[in-house]
Amino acid sequence: NRDEDAFPDPDVFDVARKPNKHLTFGLGHHHCIGAVVARLEMETLLEEMVRRQLRFRIAGPVERLHSNFAYGIRHLPVEILS
């Protein structure tokens, strides 16, 4: 996130910089080489859940990922409903 159009001091490391939206798979020549596999895995998982008509609900507290590199969920317990 060193875009001078988005941040006043793009080369200054500021942990508290807000807003600071991260691009998990990167962009351009910094694009993650594993992004295609990760998306394929997720697509396959979702297709299989739909095919099996699985329903689920959140079964506990959501633990968010705190990172300077990515925004996401570290832990999301779910319960599969019958």
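Scanning the range 49-75 for residues that are more than 30 Å from residue 13 (Cα to Cα), of a type in the set (A, V, I, L, M, F, W, C) and in contact with a strand residue (DSSP E or B) (Cβ under 9 Å, 6 or more places away or on another chain) yields 49, 54, 56, 58, 59. Filter the range 46-66 for residues that are without any contact (Cβ under 8 Å) to a residue 12 or more places away in the chain and surrounded by 10 or more Cβ atoms within 10 Å (Cβ to Cβ); which is nearest to residue 76 (Cα to Cα)? Ranking the qualifying residues of the range 46-66, first place goes to 64.
Regarding the range 71-79, can at least one residue be identified that is surrounded by 10 or more Cβ atoms within 10 Å (Cβ to Cβ), under 27 Å from residue 3 (Cα atoms) and at pLDDT below 85? Taking every residue of the range 71-79 in turn, at least one turns out to be surrounded by 10 or more Cβ atoms within 10 Å (Cβ to Cβ), under 27 Å from residue 3 (Cα atoms) and at pLDDT below 85. Selection within the range 23-45: residues that are part of a loop (DSSP other than H, G, I, E, B) and open to solvent by 100 Å² or more (accessible area, probe 1.4 Å). The member of this set that is modelled with the lowest pLDDT is 23.
The values are calculated or read from the model by the stated rules, or taken from the named source; none is laboratory data. In this text the structure is predicted, and so the values were computed from the model without any measurement. We place every Cβ from the backbone using ideal geometry, glycine too, and count neighbours over all the protein chains shown. SASA here: full protein model, heavy atoms, side chains in, ligands and nucleic acids out. Shrake-Rupley method; radii C 1.70, N 1.55, O 1.52, S 1.80 Å.
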